[in-house]
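Peer 1: Let me give you the structure first, and then I'll get to my questions.
The values are calculated or read from the model by the stated rules, or taken from the named source; none is laboratory data. On a predicted model such as this, the values are computed, not experimentally measured, just so you know. Here Cβ is always computed from backbone atoms with ideal geometry, including for glycine, and neighbour counts include all displayed protein chains. Accessible surface is based on the protein model in full, side chains and every heavy atom, while ligands, DNA and RNA are left aside. Shrake-Rupley method; radii C 1.70, N 1.55, O 1.52, S 1.80 Å.
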Amino acid sequence: MTEMFKCIENVHLSDDGKSLVIIDQTLLPGKREFLTLSTREDLWDAIYKLRVRGAPAIGIFAAYAIYILSLKTDAESFDTFYSEFKKNKEYLDSSRPTAVNLRKMLNRMDDKVVSLKDLSIPEILDGMKTEAEKIQQEDVEICTAIAEYGLELVKDGYGILTHCNAGPLATSKYGTALAPILLGTERGMKFSVYADETRPLLQGARLTSYELTSAGVDCTLICDNMASIVMKEGRINACFVGCDRVAANGDAANKIGTSGVAILAKYYGIPFYVFCPSTTIDMNCETGDDIKIELRNPDEIKSLHYEKPMAPDDVKCYNPAFDVTENSLVTAIVTEKGIIKPPYKENLRKFFENERV
Ligand code: MRU
């Protein structure tokens with residue numbers, strides 16, 4: 001495994017333990033720069049500006065971030081400490097609305113704090129640190145298990161189309177959608193991956209193609225509107241995408257443009273697989289209509305990745321960051337605990353029976 005895939009380093013505590021260090025994903029692939037963050041505003045901004053991104057990575061980052069913020073406390077009683085914690089939790093949770101891992105990992109830290117309420121504040125802080133580390137370590141295992149399940153769906157030589165980035169940078173190891181590709185490559189399998197560039201923030205061009213080429217995977221970058229032609233030309237055997245939230249009926253929110261890929265895949269008879277840790281499935285969300293879609297700054301469309309603005313100053317822009325792929329277009333959902341097939345409402349319920357979600 002190359003240096004880049006020791007991804008646990010992508011989010012980690014500083015040497016003095018008081019800050020959070022991340023690789024700034026907005027600068028990749030041109031610059032590999034680490035940021036040291038400790039203020040509320042900088043931590044919030046890192047999520048909002050996509051310096052750290054991808055549903056699992058956001059969740060891991062948030063768990064460490066709330067610990068870092070809690071370290072600053074002067075509280076002498078649990079009640080004061082907990083009310084500060086709640087304010088920080090709400091603030092971090094407001095940074096991005098779609099990826100449910102953010103809320104779930106903050107809730108997990110909340111549960112931890114409450115479970116330790118009879119201990120001293122330093123002991124609670126120690127417990128929080130251990131919990132954040134545990135969340136990150138679990139993600140390493142989750143990526144590996146997803147990779148193994150995903151390999152059941154491919155054959156050597158497959159052409160795979162992916163959208164956005166669901167690779168190592170978005171997690172703590174192999175990623176989700178890219179996990180079987182990377183593990184299979186380590187085992188000597190060959191794949192031809194077509195990476196959608198993923199307008200407007202170019203996660204496919206900047207991150208997926210960087211990760212795959214660095215790992216020695218045959219990767220071809222295409223514009224989003226080229227997905228149809230590569231499918232028609234018979235280059236694609238399967239589509240692999242990540243996701244930010246799966247509703248209880250199997251509707252799946254992922255990066256804007258994903259649902260278009262799924263519609264094309266259905267037309268061309270190509271299987272469309274959604275990959276995620278089971279924590280990305282939100283049984284409290286009945287359907288995709290209940291998933292909040294993040295709307296982002298129009299400048300991301302007009303100017304962010306251009307030398308000069310590419311549209312008139314006063315043109316209106318609509319910039320939803322995610323869309324929802326209807327469950328009828330999803331061939332299967334691949335998690336660390338197994339592969340879930342339709343009918344999703346029934347099978348997701350069974351999947352979570354006896355489990356707290
Ligand atoms: O806006 P982003 O870059 O955070 O969007 C990321 C995605 O859409 C990923 O596919 C998803 O979070 C899964 S990452 C394993």
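Peer 1: How many of the residues making up region 308-357 are closer than 30 Å to Asn297 by Cβ, hydroxyl-bearing (Ser, Thr, Tyr) and under 22 Å from the mean Cα position of the chain (by Cα)?
Peer 2: 1
For every residue, the table says whether it meets (1) of a type in the set (Asp, Glu); (2) more than 16 Å from Ala247 (Cβ to Cβ); (3) away from the ligand (no atom under 13 Å from the Cβ).
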residue	(1), (2), (3)
Ile293	no, no, no
Asp299	yes, yes, yes
His305	no, yes, yes
Val315	no, yes, yes
Asn319	no, yes, no
Asp323	yes, no, no
Asn327	no, no, yes
Ile333	no, no, no
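Peer 1: Oh, and also: Restricting the search to region 15-37, which residues are under 21 Å from Lys89 (Cα atoms) and either of a type in the set (A, V, I, L, M) or surrounded by fewer than 16 Cβ atoms within 10 Å (Cβ to Cβ) (or both)?
Peer 2: Our first condition is that a residue be under 21 Å from Lys89 (Cα atoms); within region 15-37, this holds for 17-22, 36-37.
Answer for region 15-37, where residues must be under 21 Å from Lys89 (Cα atoms) and either of a type in the set (A, V, I, L, M) or surrounded by fewer than 16 Cβ atoms within 10 Å (Cβ to Cβ) (or both): Gly17, Lys18, Leu20, Val21, Ile22, Thr36, Leu37.
Peer 1: Restricting attention to helices (runs of 4 or more DSSP H) lying wholly within region 1-111, give those where 2 or more residues are of a type outside the set (Phe, Trp, Tyr) and in contact with a strand residue (DSSP E or B) (Cβ under 8 Å, 6 or more places away or on another chain). Full working, then the answer.
Peer 2: On the way: elements: 40-48, 55-71, 78-93.
Hits in region 1-111: 40-48, 55-71.
Peer 1: Restricting the first residue to region 208-220 and requiring it to be among the aromatic types (Phe, Trp, Tyr), which pairs with a second residue that is in a loop (DSSP other than H, G, I, E, B) and open to solvent by 10 Å² or more (accessible area, probe 1.4 Å) meet a Cβ separation below 7 Å and a spacing of at least six or different chains?
Peer 2: Tyr210/Pro29
Peer 1: Residues that are open to solvent by 10 Å² or more (accessible area, probe 1.4 Å), at least 3 per element: which strands (runs of 3 or more DSSP E) completely within region 200-289 meet that?
Peer 2: 218-222
Let's see how each residue does on (1) within 13 Å of the ligand (Cβ to nearest atom); (2) over 19 Å from Asp111 (Cβ atoms):
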| site | (1), (2) |
| --- | --- |
| Pro56 | yes, no |
| Tyr64 | no, no |
| Ser77 | no, yes |
| Phe81 | no, no |
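Peer 1: Within region 344-354, how many residues are open to solvent by 50 Å² or more (accessible area, probe 1.4 Å) and either in contact (Cβ under 8 Å) with a residue 12 or more places away in the chain or touching a Cys at 6+ places or on another chain (Cβ under 7 Å) (or both)?
Peer 2: Count: 2.
Peer 1: Just wondering, is there one or more residues in region 132-145 that are part of a loop (DSSP other than H, G, I, E, B), closer than 28 Å to Leu202 by Cβ and among the charged types (D, E, K, R)?
Peer 2: no
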